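Data block below; observations after.
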Amino acid sequence: MGRAEARRAQQGSARRAKAKQKKSGIRRLFTWKKILGTFLGVCLLGMAAFIGLYLYVDIPAKGNEDAGKQANVFKYANGKVFARGGKLNREAISLSQINVKVQHAFVAAENKSFYHDSGVDLWGTARGILNTLMGHGKQGGSTITQQYVKNYYLSDEQTVSRKLQEIVISLKVDDKLSKSQILEGYLNTSYYGRGAYGIQAAAQAYYRKDAEKLTVTEGAYLASLLQAPSQYDWQNATPTGQRLVKQRWAYTLNNMAEMHWLSPDERARQKFEKPKPPKPMPGVTGQKAYILEAAKQELFAQGVDPKRFDAGGWTVTLGIDPDKQKALEKSVQRKLTRDLDPGKRKVDGDAQLGAASVDPRTGHIVAMYGGAGYPKHYRNNATRSDYQAASTFKPLILASAMQNHAVTQDNVPITPNTIYDGHNRRPVVGGTIPFAPPNEDEHDYDKITVQTATNNSVNAVFAQMGADVGLDNVKETAVSLGMDGSKMDVKPAMTLGTMGASPLQMAGAYATLDNHGVKVTPTMVTKAVHSVGGVENELKLKDPIGRRVLERRTADTVTSVLTGVVNDGTASEAVKNTAYKAAGKTGTSDDDKSAWFVGYTPKLVTAVGMFGESPNGGAQVTLKGTGGGGRVNGGGYPAKVWADYTQSALDGNTGGDFDLETDMGAAVPPTTTPSPTATPSTPPSPTGTPSSTPSGTPSSPSGRPSHTPSGRPSSPTTPSDTASPPDGGVDGGDTTGTTSGVDGGTGGTGNGGTKGANSMPGFN
């Protein structure tokens with residue numbers, strides 16, 4: 001070994017010696033004996049602290065003060081009391097009044113070890129405390145005994161000290177009371193949603209029966225509710241909430257089978273049954289019930305805990321104007337209900353109507369009509385969104401076209417004056433899926449402007465426009481205006497309004513147009529104050545007036561176009577001779593199952609929807625023959641109710657003129673005499689290829705076509721752009737893609753509407 005190798009070896013030995021010395025120092029500091037001793041010391045201190053806490057904390061002499069709960073007060077916009085409610089809804093019953101299998105359902109759902117545990121789940125509680133310390137909010141893991149202690153003696157406060165109190169009291173309660181007494185107390189104090197405290201109130205709220213008559217499957221649903229009463233209430237739950245509560249229901253029954261509380265055959269026979277719709281507050285019926293439920297759901301959506309709300313102490317001011325509300329109810333009576341005779345005509349018993357009226361400047365809902373009223377009809381027709389919007393959706397396609405600066409297949413900007421081919425069953429050019437929708441009554445148009453196509457709701461034009469704009473762009477615009485994107489399939493038929501929508505949603509979309517493109521979200525609650533111990537806390541509500549979603553020129557141009565529907569189009573018959581300026585759009589869906597008119601003045605937006613609903617099961621049915629007439633369309637009853645209500649609601653005030661920043665549309669008077677249009681051409685074959693692109697030339701500044709588009713060989717039976725639609729033409733359509741009644745007529749109430757074989761959906 002040379003000198004260099006020897007030196008390196010010596011240095012290596014020195015390093016190893018130093019490391020060994022350091023390691024020995026660490027071992028002396030952290031020996032296993034010291035670690036074990038520290039652990040045992042901490043455990044002893046914890047035990048001593050817990051023993052001290054156990055000796056210090058006792059079972060409270062009485063439960064929390066439910067008797068001191070206050071009522072909730074609802075007020076009109078003018079400050080007058082609308083209704084009172086919110087008294088604690090509870091009726092205690094004995095455990096013997098509850099079916100044993102229903103008792104077992106709650107144990108299976110919440111605490112399978114209940115009958116043999118000590119009243120506390122140490123691991124679950126430790127996890128809950130840890131999550132609380134980490135700021136993760138409310139956590140599960142409590143036994144039935146712990147939940148009973150919290151419900152009866154303590155509160156929902158999420159603190160470590162409260163959790164420790166819960167543990168100690170639960171251990172003492174488990175030692176003092178029998179399991180039957182604890183389970184009885186738990187079932188009677190739990191909150192089930194719908195303002196129901198205790199299983200008896202819950203049985204009435206969800207199934208209209210006493211608790212002793214609950215079935216196993218009903219008991220399993222109520223037990224499943226306890227995890228999230230508001231989110232799991234079937235009537236108000238989202239699709240996700242409904243899926244989760246069904247999973248929870250199945251989990252409960254599976255646990256019962258596992259615990260041998262249900263035989264395999266009994267488990268297999270259990271079928272999920274939807275609970276009944278919510279009942280109104282005691283003494284609240286008619287339209288008040290719909291309005292109060294809508295107000296409560298709005299508050300819950302803004303973060304108010306349903307249990308906290310139902311406990312009382314709230315003063316809620318609504319945007320409802322009592323005079324407008326009364327006017328809306330009377331208009332429905334005058335223009336619809338008086339015509340109905342269910343004893344004479346079965347179809348009259350299927351007719352439902354919903355309406356929502358909104359102030360476009362504030363976003364406040366000033367009037368709402370939900371239907372025949374509780375208890376005759378529980379579902380609020382103003383907020384339901386299971387019926388198709390039909391042709392009330394078409395103005396949103398035009399809005400999307402202008403907002404996105406879309407062009408036709410000929411690269412011509414889309415405006416109210418752009419010319420399209422309106423031939424019946426004209427195949428759409430440029431789409432990804434073949435689509436050739438019929439016009440109403442198979443009515444054929446030649447080259448027509450977008451304005452005329454809107455007046456007469458020409459399906460061929462809007463189907464092509466949707467392809468020109470791009471269906472994804474159309475959906476994006478509709479969602480920005482307040483429609484529910486989850487109900488929109490991005491397919492060509494969406495241009496005819498095949499998606500579900502509620503009158504409230506449509507009122508919001510059109511209110512945004514009326515508000516020059518600034519988003520309006522219709523809002524029922526204008527102020528909510530909670531009073532506790534004399535201290536008032538006002539809830540910070542979301543502003544119903546949001547950001548700009550459409551350029552002003554776009555929104556104002558669509559409004560200008562829609563004045564033509566009222567003056568010269570499908571709504572003109574019902575809305576004629578009115579003293580106010582108005583804009584709007586009709587709509588009628590598949591087989592006349594829904595009919596719409598959404599209209600507005602400069603100061604008031606109102607959506608009226610009429611729906612065919614079978615009293616037996618609520619299936620969608622046709623409205624044909626309602627009131628002893630023929631087909632029902634948007635220009636009929638809905639437009640008549642709208643016109644009568646608007647006249648009364650404005651109370652002699654014409655509402656002024658629309659302040660429009662546009663030089664296009666029906667509201668802009670022409671400055672030149674338009675050239676005559678070409679004579680119409682022979683309609684193309686449904687499967688043929690059009691001989692020309694769907695659009696024409698750009699318009700002149702005057703608001704009329706700059707020249708007459710060339711046409712194909714004329715047909716004397718086909719109307720030109722300037723011809724009036726046939727009398728009695730109405731809306732309609734078939735969303736199934738098989739046969740349909742279609743639109744394009746004047747909105748009269750006469751019979752009509754042929755069905756074409758193998759046609760696509762068609763709506764007014």
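FYI, it's all coordinate maths here, none of it is from the lab. Values in this document were obtained by computation on a predicted structure and should not be read as measured data. Every residue, glycine as well, gets a Cβ built from its backbone with ideal geometry; the counts of neighbours run over all protein chains shown.
Exceedance of the 24 Å cut-off in Cα-Cα distance is limited, within the set K527/K640; K112/K271; K213/K274, to K527/K640.
Near the amide H of T526, within less than 5 Å, lie the amide hydrogens of T317, L318, G319, all on another chain or at least 5 residues away, with H placed in the peptide plane. Note that region 409-423 has calculated 3J(HN,Hα) couplings of 4, 8, 6, 9, x, 7, 9, x, 9, 5, 9, 10, 8, x, 4 Hz, one per residue in order, obtained from phi through the Karplus relation 6.51 cos²θ - 1.76 cosθ + 1.60 (θ = phi - 60°); glycine and proline are x.
Taking the Cα centre of region 287-335 as reference, the dipole from Cβ charges on Lys and Arg (+1) and Asp and Glu (-1) amounts to some 280 debye.
Going by the alpha-carbon gyration tensor, a ≥ b ≥ c the square roots of its eigenvalues, is region 297-365 rounded (a/c under 1.5) or, if a/c is not under 1.5, prolate (a/b greater than b/c) versus oblate? Prolate is the answer for region 297-365, as a/c is 1.5 or above and a/b outweighs b/c.
What shape does region 551-646 take by its C-alpha gyration tensor, where a ≥ b ≥ c are the square roots of the eigenvalues and a/c under 1.5 counts as rounded, a/b above b/c as prolate, and the rest as oblate?
Because a/c hits 1.5 or more and a/b exceeds b/c, region 551-646 counts as prolate.
In terms of its C-alpha gyration tensor, region 452-545 comes out prolate, because a/c is 1.5 or above and the ratio a/b outweighs b/c. Under a plain spin-label model, where a point goes 7 Å from the Cα along Cα-to-Cβ, how far apart in nm are R361 and T654? The answer from the label model is 1.8 nm.
Straight-distance candidates among the aspartates and glutamates for linking to K296, with alpha-carbon spacing under 15 Å and chain neighbours fewer than 8 residues away dropped: D233, D305, D310.
Under 18 Å from a label point set 7 Å out along the Cα-to-Cβ vector of D305, the amide N atoms of region 229-261 belong to 229-233. Couplings 3J(HN,Hα) of region 392-400, computed from phi: 5, 7, 4, x, 6, 5, 4, 4, 5 Hz, in residue order, whole Hz [Karplus 6.51 cos²θ - 1.76 cosθ + 1.60, θ = phi - 60°; x for Gly and Pro]. Backbone amide hydrogens, once placed in the peptide plane, bring R548 within less than 5 Å of K519, excluding anything fewer than 5 places away on its chain. Excluding same-chain neighbours fewer than eight residues apart, the aspartates and glutamates reachable from K179 by a Cα-Cα span under 15 Å are E110, D117. Applying the Karplus relation 6.51 cos²θ - 1.76 cosθ + 1.60 with θ = phi - 60° to region 447-459 yields 3J(HN,Hα) values of 6, 9, 6, 4, 4, 5, 5, 6, 3, 9, 6, 7, 4 Hz, where x marks Gly and Pro. For D590, the amide hydrogen comes within under 5 Å of the amide hydrogens of G733, T735, counting only partners 5 or more places away or on other chains and with H modelled in the peptide plane.
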